[in-house]
Amino acid sequence: MLKEALASKKCLIVCGGGGVGKTTIAASLGIAATRLRKRVLVVTIDPSKRLAEAFGFKEESLINGGEPLLLSAEVKAKLGIAPENELSVGILNAKYVLNQIVEQTLTPIQQQKLKNTVLYANMSNMIYGLQEYTAYEWVTRMIQAGKYDFIVLDTPPAAHAKDFFNVPDKVKNLMESRVFQIFMPKKKNWFTSVMNFSWVEKLLGERIFSESRIFFETFATLRDRILERCEWLSRFFTQQEVAVVAVSTVEPFAQFELQGLIAFLKQKRIPLQSVILNQVEVRQSAAQDATLTEYQEYLSENPVLANKIKLLHERREGLVERAELRVENIKKNLAGQEMIVVSMTYDEDGFEILRSSSEQIQAF
Ligand SMILES: Nc1ncnc2c1ncn2[C@@H]1O[C@H](COP(=O)(O)OP(=O)(O)OP(=O)(O)O)[C@@H](O)[C@H]1O
Ligand SMILES: [Mg+2]
């Protein structure tokens, strides 16, 4: 049960296709968990203005500081979180985390050398997977520091939901790839003494070549630490205290992605806790319908508007019926798997979406 996982696991990783609502659900899971536990952290990878605002933060202050911020007493009260429980929200700042790794691993002289290279300034954008890797690094540090009882990790938009779990392997492959082999300092053997890389120097120009050399030489020290962490992370995913929450909508493409993700998790032996079907069109509650009937009286004086509203109602009815059919089918396909439906909230206020989603998750 998701509720039990919220009360007892160490970490939930929220996965799903692009735009299905991963960040929203991660935040909602964090809120639901803080109603049960003392110190909860939500780590999101998106610099999402909407999310920062919904929690009462300025987006810049949340990103630039690099460290998570605590929710105010006011916002907690509005979300039904007890004053003694704490919810922290952190937006990943890849450069900040990378700087920290550098500062912990290299000597001050090495640090200076590395930071002066052009490659370093662009490293987090340049090296594919590094942004994601820093998310892992950050979460690992938070877990090991023991500051939080429970962590929800939102995952970045990826071409495929499962890409996130391949990051340790990808980073590992990159570290062992040819580009690193060319620049890395290596022990001399007959091969390297015969080979010379002056062609690379000619190709890149002397300055870039020597800078690249400095970059890769100092990076060699970081590489070992990154490789070691990749190994640790691959094991981390399969621990019992960690599980995945897969988010999807009922749309066919999102479902296709979900099936791929589920098969992948099975193959990698990564535990799947729950599937959340998000942004599902559901029938209006009786109270909402009553409000509409109330307006109908005024609308009788304006037949054109009344007709438009009638058409909108019919369209919505159609959407609801289609969604109900799809939810039924998905339920059959996922037999035996816990599935939670979170409805589409029609509200401009990001806070309302979080409040409603977290209540639906908790009520399940
Ligand atoms: N249940 C919901 N009801 C209404 N709006 C929602 C709901 N869930 C998400 N949204 C809205 O949908 C949009 C996308 O949501 P969100 O950013 O959480 O998706 P995401 O999967 O994290 O996207 P990305 O793949 O870009 O990271 C946002 O505007 C969010 O407010
Ligand atoms: Mg997101």
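Yes or no: region 308-324 includes at least one residue that is in a loop (DSSP other than H, G, I, E, B) and in contact with a helix residue (DSSP H, G or I) (Cβ under 8 Å, 6 or more places away or on another chain). Before you say what the answer is, go through the steps one by one.
Kept after step one, since they are in a loop (DSSP other than H, G, I, E, B), are these residues of region 308-324: none.
Looking for residues that are in a loop (DSSP other than H, G, I, E, B) and in contact with a helix residue (DSSP H, G or I) (Cβ under 8 Å, 6 or more places away or on another chain), one finds none in region 308-324, hence no.
Return yes or no: is ARG35 modelled with pLDDT of 90 or more and out of contact with any helix residue (DSSP H, G or I) (no Cβ under 7 Å at 6 or more places or on another chain)?
No.
For the structure I just gave you, tell me whether GLN273 is buried (at least 17 other Cβ atoms within 10 Å of the Cβ) and touching a helix residue (DSSP H, G or I) at 6+ places or on another chain (Cβ under 6 Å). Answer is yes for this residue.
Every residue, every condition in (1) modelled with pLDDT under 85; (2) touching a Lys or Arg at 6+ places or on another chain (Cβ under 8 Å); (3) within 16 Å of ligand 1 (Cβ to nearest atom), yes or no:
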position	(1), (2), (3)
ILE101	no, yes, no
TYR120	yes, no, no
ILE127	yes, no, no
GLU132	yes, no, yes
LYS147	no, yes, no
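Suppose the filter is within 16 Å of ligand 1 (Cβ to nearest atom) and of a type outside the set (Ser, Thr, Tyr); does ILE81 pass it? The answer is no for ILE81.
Residue count for region 133-161 under the criterion of being within 16 Å of ligand 2 (Cβ to nearest atom) and of a type in the set (D, E, K, R): the result is 1.
Here ASN99 passes the criteria (1) surrounded by fewer than 13 Cβ atoms within 10 Å (Cβ to Cβ); (2) free of Cβ contacts under 8 Å to residues at least 12 places away in the same chain except the one numbered (1).
For a quick check of your reading: which helices (runs of 4 or more DSSP H) sit entirely within region 170-277 and have at least 2 residues that are at pLDDT 80 or above and under 30 Å from THR23 (Cα atoms)?
Numbers: elements: 178-183, 190-194, 198-204, 206-236, 252-268.
Filter on region 170-277 gives 206-236, 252-268.
Per the conditions (1) under 26 Å from ALA33 (Cα atoms); (2) modelled with pLDDT of 85 or more, the sole criterion not satisfied by ILE330 is (1).
Helices (runs of 4 or more DSSP H) wholly in region 1-78 with at least 3 residues that are within 16 Å of ligand 2 (Cβ to nearest atom) and within 11 Å of the chain's Cα centre (by Cα) - which ones?
Values: elements: 2-8, 22-34, 49-54, 59-64, 73-78.
Filter on region 1-78 gives 22-34.
Going through (1) away from ligand 1 (no atom under 12 Å from the Cβ); (2) among the polar types (S, T, N, Q); (3) buried (at least 21 other Cβ atoms within 10 Å of the Cβ) one by one, SER61 falls short only on (3). Would you be able to say whether some residue in region 10-28 is away from ligand 1 (no atom under 15 Å from the Cβ), among the hydrophobic types (A, V, I, L, M, F, W, C), surrounded by 15 or more Cβ atoms within 10 Å (Cβ to Cβ) and over 25 Å from ILE262 (Cα atoms)? No: zero hits. Scanning region 325-363 for residues that are part of a helix (DSSP H, G or I), farther than 30 Å from GLU53 by Cβ and not basic (Lys, Arg) yields a count of 6.
The values are calculated or read from the model by the stated rules, or taken from the named source; none is laboratory data. On a predicted model such as this, the values are computed, not experimentally measured, just so you know. Positions of Cβ are generated from backbone atoms using ideal geometry, with glycine treated the same way; all protein chains shown enter the neighbour counts.
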